[in-house]
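So the structure is just underneath, and the comments pick up after that.
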Amino acid sequence: MRTFFPSDSCKESQLNAINPQSWLQVERGKLSNYLFSYQFFIHVPEPPILPFFKPIDYVEVLAQIHEEMESCSPQERSTLYLLQFQIFRGLGETKLMRRSLRSAWQRAGTVHEKLVFGAWLRYEKQGEELIADLLATCNKCTQEFGPVDVSQLQVEVNGCSKETVVMNGDKSLENVNFKIGDEIIVCDRQKIASLSAPFHAMLNGYFTESSSQDIDLSENNISPLGMRTIGEFSITGSLSEVHPDLLLEILVFSNKFCCERLKDACDRKLASLVCTKDDAVEFMEYAIEQNSPVLAASYRQQRSIMVGRASFSLYCLLSEVAMNLDPRSDKTVCFLEQLIESAETDREKLLAFHQLGCVRLLRKEYDEAEGLFEKAVSLGHVYSIAGLARLGYIKGHKLCSYEKLSSVISSVNPLGWMYQERSLYCEGDKRSEDLEKATELDPTLTYPYMYRAASLMMKQNVQAALAEINRVLGFKLALECMELRFCLYLAIEDYKAAICDVQAILTLSPDYRMFEGRVAASHLRTLVREHVGSWTTADCWMQLYDRWSSVDDIGSLSVIYQMLESGGAKGVLYFRQSLLLLRLNCPDAAMRSLELARRHASSEHERLVYEGWILYDTGHCEEGLRKAEESIKISRSFEAFFLKAYALADSSLDSTCSSMVISLLENALKCPSDNLRKGQALNNLGSVLVDCGKLDSAADCYINALKIRHTRAHQGLARVHFLKNDKATAYVEMTKLIEKAKNNASAYEKRSEYCDRDLTKADLEMVTRIDPLRVYPYRYRAAVLMDSRKEKEAIAELSRAIAFKADLHLLHLRAAFHEHVGDVLAALRDCRAALCVDPNHQEMLELHSRVNSHEP
């Protein structure tokens, strides 16, 4: 819901907006003249009121959740993981959101909860069906959403067929007759035995059943129709068209008898019940029609399964899907009203009230929205005050809105969003001061940068405006910020830079629409493209080489987009695109590009390489390695050897493995490839050689990489100098990287290791300025303060980063500092919150155990 709630309040913040639709009427070749008349057309809409749970102190709430999990019943845990998911969503932590959903699925207390969370995971991971198919080609059965034990759960199934099923006419011990009630289901004994170890022991071991032809399963909660389906699965290995209720029954049975293949097939079938956003809504609308919190188990039969405790999670899912489709729709309102009805705890209610308040605000149902926000505030959701302030402004009470936010700021530890919101209700220096404070407290907020950039453009200070928007784009690839920079470039008629940004935008989001959804980005690209000279294929490769060498990832993305438009080896280009997207921390877009690379592969061995990367990037290293080996058998290519070396290096750290990785990279370098990839291979080879202690050989690799302009090799060469006790030369080498690289925050961070404390401090301050999301500088500064016995300042340094980034290492260090100063409760709070971020972190578990033992 990145573009949720384009609002039309606070019109004073709009800076000389024009109607972008008029762009579409511009004659070919006259765009520059048109824009010259409207140099300052920038429109910065006010930030939306997000429909998220945003507690004042998320660390405290996470700690409470962890503490409740230690004492709650198993049936309550999935609800707590759902709340954890909502907190991480408010923080924008996508990986942690999905991990929480997976945990909720794994610990589902009922089959109905399992179905809801399984569907939700499927919805969050749309487009990843290919991974399961690839694993199947590696003869590996995958559980899409991980393991779960539901063997004790009961499912009510109605109206099963009352017929005796005979699957095989042979009555000898080659078959086994399962008796269920008055019916007999004949199955192939060895096929059933192959389903699991318990069945194998029962049918082929030393049990009474092993020598019996008739076995009574009447007390095992499986219907005759369910057993018939299981018998068919034992022969065919697949489930045909099966009703959801029967799938649930078979799932319980497969868990009870440890039938992993059968259980996996059920899981995937259940997950596939929600394939698209529209399907999710249509599938669950049946539940609404029944006027009760139910989960639809059949589309055609007039039956439903009572959801019970799963109803809140169900309506959370439905509400999210509906809001993403159309937050203004009646369907969205209906689901959110049901969410309120199903909410039991205060935390559930405040989330539901706030979300419906956001939708009512968008629908301009202001009185209803006000009542909902007030209810959310009364339950402790301070963020809903932003909704009340926005409504106050709409109703003409600007001063009252300003005072509401001022009261919040003075009564709690203020957060960035509070100053951002208050800035909307003041002017001049006060607004500027509030926006600066918002950025100081939360540098991830994009609106302050955008407003400042647009304001500077209004003053015709072009370079300052670009510098301001580049601040945020240096660490956060926000499409709305790229759109603004595109507009700035257009205003100064820098069409080459403008085409670069719009092509990068289209790479990240092919259907992106600009100016609050009014104009397709692809259309604007077409118009601007006529003002940029055309490039030949050779020109494109030269541009890509230059931008890749200068570590200009956005520029490289743009060049690849243009090359794809011009034709050429699309598989190779999509693969390069995926590498850049991974560097830019866009994993979903990177996976999309990898799948396109696979689809456009020019040969079988090339396709196998891309399949290997898809598997490797999704955590299936062994299967990725196998794909590389299959590719090498067909053709000894650079990319196949490179993939095998990369996957092997990640799977093992022993010396034998290192020698194999070195050999593989050497083989890769003997194969045809361009210098962009060979530079990467030389860099990787140098890294492995350093780890093996072969410093001179490593230095040769890095030097050879630099000769073909692989700029990042400066960092490896600096490491070699440092290990040879030449710290000064290492510093110089990193300085060369800083000078060449457009994106150089990591280079400053690395250089800080090769200088004295004062220069280290300066480099790390620069890192924080360039990329405030990098956590090492905060940890270093806090450690220095702690060494100087400035405990409060050390804790404050960590706290300012923790306020906007849920990071395990920051929480771990702050917990240790709290323990050091004797604040056991604060240390325990941070330990618990950190374990919500990573429940299996060994050092964190040990610290938590130690601190917990000291709790009064």
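The values are calculated or read from the model by the stated rules, or taken from the named source; none is laboratory data. What you see is a predicted model, and the numbers here were worked out from it, not measured in a lab. Note that each Cβ is placed from the backbone with ideal geometry, even for glycine, and that neighbours are counted across all protein chains shown. In case anyone asks, the SASA skips ligands and DNA or RNA and just uses the protein heavy atoms, side chains included. Shrake-Rupley method; radii C 1.70, N 1.55, O 1.52, S 1.80 Å.
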Search result, residues across region 822-842 that are more than 19 Å from K805 (Cβ to Cβ) and open to solvent by 20 Å² or more (accessible area, probe 1.4 Å)
G822, D823, V824, L825, N840, Q842
Given the criteria small (G, A, S), crowded, with 16+ Cβ neighbours inside 10 Å and more than 25 Å from F475 (Cα to Cα), does A803 qualify?
no
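Residue-wise test of (1) over 30 Å from S410 (Cα atoms); (2) open to solvent by 50 Å² or more (accessible area, probe 1.4 Å).
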residue	(1), (2)
P48	no, no
L62	no, no
C72	yes, no
R77	yes, yes
L80	yes, no
L83	no, no
Candidates R592, R598 - the one that is among the charged types (D, E, K, R), in contact with a Lys or Arg (Cβ under 9 Å, 6 or more places away or on another chain) and closer than 30 Å to K633 by Cα
R598
In region 212-240, anything of a type in the set (G, A, S) and closer than 13 Å to D188 by Cβ is listed as G231, S234, G237
Hey, among A747, A649, which residue is within 30 Å of A467 (Cα to Cα) and either open to solvent by less than 10 Å² (accessible area, probe 1.4 Å) or assigned to a helix (DSSP H, G or I) (or both)?
A747
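A quick yes/no check of all residues on (1) farther than 27 Å from E337 by Cβ; (2) touching a residue at least 40 places away in the same chain (Cβ under 8 Å); (3) basic (K, R):
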{"site": "L362", "(1), (2), (3)": "no, yes, no"}
{"site": "K395", "(1), (2), (3)": "no, no, yes"}
{"site": "I409", "(1), (2), (3)": "yes, no, no"}
{"site": "K437", "(1), (2), (3)": "yes, no, yes"}
{"site": "D442", "(1), (2), (3)": "yes, yes, no"}
Specify which of the listed residues (L594, L557) is under 24 Å from the mean Cα position of the chain (by Cα), crowded, with 22+ Cβ neighbours inside 10 Å and within 25 Å of H714 (Cβ to Cβ).
L557
For region 739-754, indicate whether the set of residues that are over 30 Å from R709 (Cβ atoms) and in contact (Cβ under 8 Å) with a residue 24 or more places away in the chain is non-empty.
no
The one condition in (1) polar (S, T, N, Q); (2) at pLDDT below 95; (3) open to solvent by 30 Å² or more (accessible area, probe 1.4 Å) that S410 fails to fulfil:
(2)
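A quick yes/no check of all residues on (1) under 30 Å from K95 (Cα atoms); (2) modelled with pLDDT under 95; (3) not β-branched (V, I, T):
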| position | (1), (2), (3) |
| --- | --- |
| A597 | yes, no, yes |
| G612 | yes, no, yes |
| L625 | yes, yes, yes |
| E629 | no, no, yes |
| E639 | yes, no, yes |
| S663 | no, no, yes |
Scanning region 689-724 residue by residue, the ones that are small (G, A, S), over 18 Å from V661 (Cα atoms) and free of Cβ contacts under 8 Å to residues at least 24 places away in the same chain total 0
Quick check, is I505 touching a helix residue (DSSP H, G or I) at 6+ places or on another chain (Cβ under 8 Å), open to solvent by less than 20 Å² (accessible area, probe 1.4 Å) and either over 26 Å from R592 (Cβ atoms) or at pLDDT 95 or above (or both)?
yes
Residue list for region 719-740, restricted to those being under 15 Å from V551 (Cα atoms) and either touching a Pro at 6+ places or on another chain (Cβ under 7 Å) or surrounded by 20 or more Cβ atoms within 10 Å (Cβ to Cβ) (or both)
M734, L737
Would you check which residues across region 754-790 are among the charged types (D, E, K, R), in a helix (DSSP H, G or I) and surrounded by fewer than 17 Cβ atoms within 10 Å (Cβ to Cβ) and list them?
R757, D758, K761, E765, R769, D787
Open to solvent by less than 40 Å² (accessible area, probe 1.4 Å), closer than 30 Å to L648 by Cβ, outside any loop (DSSP other than H, G, I, E, B) and at pLDDT 95 or above: which single residue out of L706, L689 fits that description?
L689
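Each row is one residue, and each column tells you yes or no for (1) crowded, with 16+ Cβ neighbours inside 10 Å; (2) in a helix (DSSP H, G or I); (3) in contact with a strand residue (DSSP E or B) (Cβ under 7 Å, 6 or more places away or on another chain); (4) modelled with pLDDT of 95 or more.
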position: T656; (1), (2), (3), (4): no, yes, no, no
position: N667; (1), (2), (3), (4): yes, yes, no, yes
position: N683; (1), (2), (3), (4): yes, yes, no, yes
position: H710; (1), (2), (3), (4): yes, no, no, yes
Condition first: open to solvent by 20 Å² or more (accessible area, probe 1.4 Å) and over 21 Å from A438 (Cβ atoms). Now tell me which residues in region 791-800 satisfy that.
E791, K792, E793, I795
Only one of these is of a type in the set (D, E, K, R) and either part of a helix (DSSP H, G or I) or modelled with pLDDT of 75 or more (or both): K191, K171, K162. Name it.
K191
Look through K736, K727 and report the one residue that is in contact with a helix residue (DSSP H, G or I) (Cβ under 8 Å, 6 or more places away or on another chain) and either in contact (Cβ under 8 Å) with a residue 24 or more places away in the chain or closer than 30 Å to L445 by Cβ (or both).
K727
Select from region 524-544 the residues that are over 30 Å from the mean Cα position of the chain (by Cα), open to solvent by less than 60 Å² (accessible area, probe 1.4 Å) and in contact (Cβ under 8 Å) with a residue 40 or more places away in the chain and list them in ascending order.
L527, V528, H531
Exactly one of (1) open to solvent by 40 Å² or more (accessible area, probe 1.4 Å); (2) more than 28 Å from I632 (Cα to Cα) is unmet by G716. Its number?
(1)
